[in-house]
Amino acid sequence: QVHAEESGGGLVQAGGSLRLSCASSGRAFSTYNMGWFRQAPGKEREFVAAIRWTGGSAFYSDSVKGRFTISRDDAKNTVYLQMNSLKPEDTAVYYCAGAGNYPLNQAKNYGYWGQGTQVTVSS
């Protein structure tokens with residue numbers, strides 16, 4: 001069973017930056033499509049970004065495009081989410097998801113999840 005653990009969340013002022021990390025166990029990480037989702041209080045979990053296992057193509061939601069960057073380091077079994085120009089509406093628990101099948105913007109298509117890390121953006 002694969003496990004994932006996020007880190008890097010915290011409190012930041014609007015306009016600031018954070019980098020989230022997600023480390024996965026197991027030996028097949030390099031063959032997994034990986035994603036980030038987030039869930040704000042009272043809202044459904046929503047897609048943020050995804051990166052393919054081959055070629056490293058990345059996909060983003062319209063709400064974060066141009067501000068967030070997803071990347072991966074297969075040697076470290078880790079996927080990252082660099083978040084710049086943060087806004088109060090980015091406040092949510094951010095979840096790492098692994099072993100995704102297409103389409104990658106749907107949470108139901110991922111095989112494992114991390115426990116989440118809180119990101120709070122103050123105005």
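The values are calculated or read from the model by the stated rules, or taken from the named source; none is laboratory data. Small disclaimer: the values here were computed from a predicted structure and weren't measured. Here the Cβ is made from the backbone with ideal geometry for all residues, glycine too, and neighbour counts use every protein chain on show. Ligands, DNA and RNA are stripped out before the accessible areas are found, and what is left, the full protein with its side chains, is counted by its heavy atoms. Shrake-Rupley method; radii C 1.70, N 1.55, O 1.52, S 1.80 Å.
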Accessible solvent surface per residue of the range 45-101, calculated while the other protein chains remain in place, 1.4 angstrom probe, Å²: 45
Carbon and sulfur: what percent of the chain's accessible surface (1.4 Å probe)? 46
With Rg from the Cα atoms and Rh as the Kirkwood inverse mean 1/r over Cα pairs, the range 27-123 has an Rg/Rh of 0.95
Once the in-chain neighbours fewer than 8 apart are removed, the lysines whose Cα is under 16 Å from LYS76 read none
Just order 74-83, 93-102 by mean Cβ neighbour count inside 10 Å, highest at the front, would you? 93-102, 74-83
Give me the lysines in straight-line cross-link reach of LYS43: C-alpha distance below 29 Å, same-chain residues under 8 apart excluded. LYS65, LYS87, LYS108
The distance between the Cα centres of the range 55-116 and the range 3-39, in whole Å, is 7
Rg (Å, one decimal) plus Dmax (Å, integer) for the alpha carbons of the range 1-69? 13.5, 38
